[in-house]
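Everything on this sheet refers to the single structure shown next.
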Amino acid sequence: MQTITENILNVTLLEPRQKHPTIFVRFDELTEGESLTIHNDHDPKPLYYQLLGERGNIFTWEYLEQGPESWKVKISKRMNSESEETLGQIVATDLRKAQIFKKYGLDFCCGGKKTVKQACAEKGLDVTKIEQELQQADKIPLSRPLPYGDWSLDFLSDYIVNTHHSYVNKNLPNIKAFAEKVMKVHGAQHPELVRINQLVQEIYAELTAHMAKEEKVLFPYIKELVAANKNTTPLDAPHFGSVQTPINMMEMEHELVGKNLEEIRILSSNYLLPQDACASYSLLYRLLDEFEEDLHLHIHLENNILFPKALQTEKEMNN
């Protein structure tokens, strides 16, 4: 016999073979937006994956209590109109959650168009654990982060140039020089430095050309979009047709740079210094680590905030 109170199912009162079938029946009876809370004596994580496999991504999963003797999970059926947010959208809404994605190596900038479930599946990560940490992040008091999503597109474009492009222009030449220097001194003992130097040279060439295209072509057009939208004046069609064209190119180049940095992190074992590392070796790894941190935010601002809003502005003006 099962106990049902306010849509609660105590599965400890069911025979083992009845547990999952009963839960599925109860879940299927839910209407959009309704929830079912399960009480169990162990972690029902296998149920999560079975439900995902057999019903699809139509539910949310929230741990209310986690053992050691009692486990409670709230399962809610999504609204049909409610699409699951991507990594990029999650971070655009709440920058605190970027730290959780970084902790597990989930790319919210270059790979920001994937959902949490998709990203975790690709890396073989426990999605229930990461979703739980994301839910806990909601309870952390906000520390008044910069309101990137509230800024006008022309202001955000200037901010990216003055803050992040300036950072790249200042630091990347030093990283390039140190990568070559450290490779020459330590490359024989640490052959991974040869590949790291090659990747740094590629990043330097890619980003130098990339930022020039943004500053000379894409960002000026976005500013023209903003001005035309404010003044409700017609905008001359650009030679590239739609802003989607340069955005596609910029996102592709972001992905190339992101993959290079990811490979560097793997080759360096997360910037772990060897016993014989000199001061230049240590400085190179510190600069690379800081550079990657800045570039994640840099690309996030473009891929997940600036570009989608520019596309939306252009679409509204063309309607």
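Details
- Test result for residue 70, among the hydroxyl-bearing types (Ser, Thr, Tyr), in contact with an Asp or Glu (Cβ under 8 Å, 6 or more places away or on another chain) and open to solvent by 30 Å² or more (accessible area, probe 1.4 Å): yes
Conditions tested, residue by residue: (1) under 30 Å from residue 255 (Cα atoms); (2) buried (at least 18 other Cβ atoms within 10 Å of the Cβ); (3) in contact (Cβ under 8 Å) with a residue 12 or more places away in the chain; (4) of a type in the set (A, V, I, L, M).
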| site | (1), (2), (3), (4) |
| --- | --- |
| 48 | no, yes, yes, no |
| 64 | no, no, yes, yes |
| 91 | yes, yes, yes, yes |
| 113 | yes, no, yes, no |
| 117 | yes, no, yes, no |
| 121 | yes, no, no, yes |
| 130 | yes, yes, yes, yes |
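- Residue 218 closer than 30 Å to residue 182 by Cα and within 26 Å of the chain's Cα centre (by Cα): no
- Close pairs (8 angstrom Cβ cut-off, 6 or more residues apart or separate chains): farther than 17 Å from residue 315 by Cβ in segment 233-252, among the small types (Gly, Ala, Ser) and open to solvent by less than 70 Å² (accessible area, probe 1.4 Å) anywhere: 233/227
- Residue within segment 238-261 that is open to solvent by 60 Å² or more (accessible area, probe 1.4 Å), part of a helix (DSSP H, G or I), touching a Cys at 6+ places or on another chain (Cβ under 9 Å) and not basic (Lys, Arg) present: yes
- Selection from segment 25-80 of residues that are in a helix (DSSP H, G or I) and hydrophobic (A, V, I, L, M, F, W, C): 25, 27, 47, 51, 52
- Cβ pairs under 6 Å, 6+ apart, first in segment 267-288 and in a helix (DSSP H, G or I), second of a type in the set (S, T, N, Q) and buried (at least 16 other Cβ atoms within 10 Å of the Cβ): none
- Test result for residue 223, surrounded by 14 or more Cβ atoms within 10 Å (Cβ to Cβ) and of a type outside the set (A, V, I, L, M, F, W, C): yes
The values are calculated or read from the model by the stated rules, or taken from the named source; none is laboratory data. None of the values given here were measured: they were computed from a predicted structure. Quick reminder, even Gly has a Cβ in these numbers, built from the backbone with ideal geometry, and neighbours come from all protein chains shown. Just the protein is used for accessible areas: all its heavy atoms, side chains included, with ligands, DNA and RNA removed. Shrake-Rupley method; radii C 1.70, N 1.55, O 1.52, S 1.80 Å.
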